[in-house]
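Have a look at the structure below before the remarks.
The values are calculated or read from the model by the stated rules, or taken from the named source; none is laboratory data. Worth saying up front: this structure is predicted, and the values here are computed from it rather than measured. Don't worry about glycine lacking a Cβ; one is built from the backbone with ideal geometry, like all the others, and counts go over all protein chains shown. Areas reflect the complete protein model, heavy atoms only, side chains present, ligands, DNA and RNA absent. Shrake-Rupley method; radii C 1.70, N 1.55, O 1.52, S 1.80 Å.
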Amino acid sequence: MTLDTEDLLNSILASLDRIDYIKPSDIPNIDLYMDQVTTFMDSRLRSGARNPGDDKVLTKTMINNYAKNDLLPPPVKKKYSKEHVLLLIFIYYYKGVLSITDIQTLLEPITEHFFQNGKEFDIESIYQEVFQMEKSQIEVMKTDVVEKFKLAEETFGDAPEEHQEFLRQFSFICLLSFDVYVKKLMIEKIVDGMRESNKGNHKEKGKEKK
């Protein structure tokens, strides 16, 4: 293993250590105008962007599109609540993996039953439990990354020496990509099942109204 590949692995592991989530207590308890929402999201999520100096975490256009596509309930008097912000955080993480339609399928039951429901168990409760669980997975992910990296380092021993480093990085990317591909298939399968279930629930509600 060369110094360059060791640096690469250490850089990846360090980036995993920097992953953090926005705690509900970090979000202002007052309603925010759109500019305040985008500023808040940018200040908390920019460090995780691929190009922190250039990438937009969240824009006004994005928020408007989410509302148009029923991913986000409309603001009240142009102001967004803490629960709006929590939903936007979910959307932020989903949008790199799922389609707008899939995100809509996932969030529709959440907004229907738990958005500003006036009960103790609400969107904040869901957010807190899910993100605490995900935070605990960081060490598991780091172990998995190290195992994949070591496996990739053992490949292409018979390749021309001047190409071995690139080919081993290529192997590493292939292993990570396959992992993402399979998990994305599983997520889509689950979401498809949710979509069918939601359709059935809507039909039953329609019959009850009649």
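In what sequence, highest mean first, do 55-67, 79-91 appear when ranked by Cβ atoms within 10 angstrom? Intermediate results must be reported in sequence, preceding the final value.
On the way: 55-67: 15.2, 79-91: 20.8.
Peptide ranking by packing, descending: 79-91, 55-67.
Given +1 on the Cβ of Lys and Arg, -1 on the Cβ of Asp and Glu, and no further charges, what dipole in debye does segment 1-150 carry about its Cα centre, rounded to the nearest 20? Intermediate values should be presented prior to the final figure.
Working: 18 positive and 24 negative charges, 108 e Å.
The calculated dipole for segment 1-150 is roughly 520 debye.
For segment 62-210, what % of the accessible area comes from carbon and sulfur atoms, probe 1.4 Å?
On the way: 5690 of 9880 Å².
Ligands and nucleic acids excluded, carbon and sulfur give 58 percent.
Report the far tail of the P(r) of segment 1-108, meaning the percent of Cα-Cα pairs longer than 16 Å. Show your work: numbers first, answer last.
Values: 3648 of 5778 pairs.
Here the tail beyond 16 Å accounts for 63 percent of pairs.
Between Tyr33 and residues 5 or more places away or on another chain, which pairs have amide H atoms under 5 Å apart, with H built 1.01 Å from N, and which residues are they?
Tyr80
For a 20 Å ceiling on Cα separation, which of these pairs sit above it: Lys79/Lys199; Lys135/Lys183; Lys148/Lys184; Lys95/Lys189?
Values: Lys79/Lys199 31 Å; Lys135/Lys183 18 Å; Lys148/Lys184 18 Å; Lys95/Lys189 17 Å.
Flagged as over cut-off: Lys79/Lys199.
Quick one: Karplus J couplings for segment 48-65, per residue in order, coefficients 6.51, -1.76, 1.60, θ = phi - 60°, nearest Hz, x for Gly and Pro?
So the J values, rounded to whole Hz, are x, 6, 5, 10, x, x, 10, 5, 8, 5, 7, 10, 4, 4, 4, 4, 4, 5.
Tell me, what is a quarter of the convex hull surface for the C-alpha atoms of segment 31-89, in nm² with one decimal? Could you put the intermediate results ahead of the total?
On the way: hull surface 15.6 nm².
Directional mean of the projected Cα hull area for segment 31-89 stands at 3.9 nm².
Normalise the Cα radius of gyration of the chain by 2.2 N^0.38 Å (N = residues in it) and let me know the number. Intermediate results must be reported in sequence, preceding the final value.
Numbers: Rg = 21.0 Å, N = 210, 2.2 N^0.38 = 16.8 Å.
So the chain has a normalised radius of gyration of 1.25.
Which distance in Å, rounded to a whole number, links the C-alpha centroids of segment 163-198 and segment 85-153?
Rounded to whole Å, the Cα centres lie 17 Å apart.
Between 0 and 90 degrees, rounded to the nearest ten: what's the tilt of helix 123-135 against the longest Cα principal axis of the chain?
Approximately 10 degrees, to the nearest 10.
Using the Cα atoms as the points, what is the convex hull volume per residue of segment 8-52 in Å³?
With only Cα atoms used, segment 8-52 gives 62 Å³ per residue.
How much accessible area per residue does segment 30-118 have, counting only protein heavy atoms and a probe of 1.4 Å, in square angstrom? Please list the in-between numbers first.
Values: 4950 Å² over 89 residues.
Each residue of segment 30-118 exposes 56 Å² on average to a 1.4 Å probe.
Which FRET efficiency, nearest 0.05, do Asp70 and Gln128 yield, Cβ-Cβ r, R0 22 Å?
On the way: r = 24 Å, r/R0 = 1.10.
My answer for the efficiency is 0.35.
With a cut-off of 8 Å between alpha carbons and a minimum separation of six or more residues, what is the relative contact order of the chain in percent?
20 percent
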